[in-house]
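FYI, it's all coordinate maths here, none of it is from the lab. As the structure is a prediction and not an experimental result, all values here were calculated from the model. Here Cβ is always computed from backbone atoms with ideal geometry, including for glycine, and neighbour counts include all displayed protein chains.
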């Protein structure tokens, strides 16, 4: 019985450590643009039934179950929370913030389309003299046809409309402005998104029903704000409270292992 309690505590401590790591990851990304926090919850592992009363007829009037149900610990479950983060103004032309939840910018990462809420965009000079629109990590931002967005180098400023249309204003008066449509999608099943690192998301198994491509007339559903960025939806006070609770639970389970070890020592010393 003592060994069983120690094993149960060990299983729970392992899951509590994962919870502490998750909370630490959330806190580390407190200032990451468009970051979505990961929430944690616990589920009880399968219990084991030990039948200690084989003859039920002798237990007439018994109110409790016949047998002992023993737990084997807890299991951690994680879920990404896609709630809208607060909007902070930067007054930078190439900064955009999504003001509607579950809308993502399409980005080309090594030939594969990924999705992000980080709207801090930059210009990267290309060998042919053009300027490519990229993320802070240098990944190309694609248009509604999933082609990298590029501009001529004679640009003096940018204007981005709420529906994701980006206009490059030329330096010379009379020149034709360059126009591109940011590739934006609406996630119908954000719960199936997988975090791929560097604030990027994707699907393990793509399904057309999971995504709505906001193109053509559907671009009116897009709502972006120029000169602003979306903050992470991490609440520091909530994370600190959860961290303290997880640490106390970890200490309690560690103490139960210590007490179990002491009791085993007493049993071994019985003459």
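Where the centre of each part is set by its Cα atoms, how far does the stretch 247-271 sit from the stretch 123-153, in angstrom?
Measuring centre to centre over Cα atoms gives 61 Å.
Measure nothing but the geometry: give the 0 to 90° angle between the long axis through the Cα atoms of 236-268 and the longest principal axis through the Cα atoms of the chain, rounded to 10°.
It works out to around 30 degrees.
Pulled fully out, how much extra length does the chain show between residue 145 and residue 258, if you take 0.36 nm times their separation in residues and subtract their Cα-Cα distance? Each step should come with its number before you reach the end.
On the way: separation 113, 0.36 × 113 = 40.68 nm, distance 6.13 nm.
Answer, rounded to one decimal: 34.5 nm.
Of the listed values (1) 1.14; (2) 1.21; (3) 0.95, grab the one calculated as Rg/Rh (Cα atoms, Kirkwood Rh) from the structure here.
So the structure-derived entry is (2).
So what's the angle, to the nearest 10 degrees on a 0 to 90 scale, between helix 2-28 and the longest Cα principal axis of the chain?
20
Hey, what did the stretch 87-230 get for relative contact order, percent, Cα under 8 Å, at least 6 apart?
So the answer I get is 33 percent.
Between residue 210 and residue 41, how many nm apart are label points set 7 Å from Cα along the C-beta direction?
Placing both labels 7 Å beyond Cα along the Cβ direction yields 2.1 nm.
Any idea what the relative contact order of the chain is, in percent, if you count C-alpha pairs under 8 Å spaced at least 6 apart?
RCO, the chain: 26 percent.
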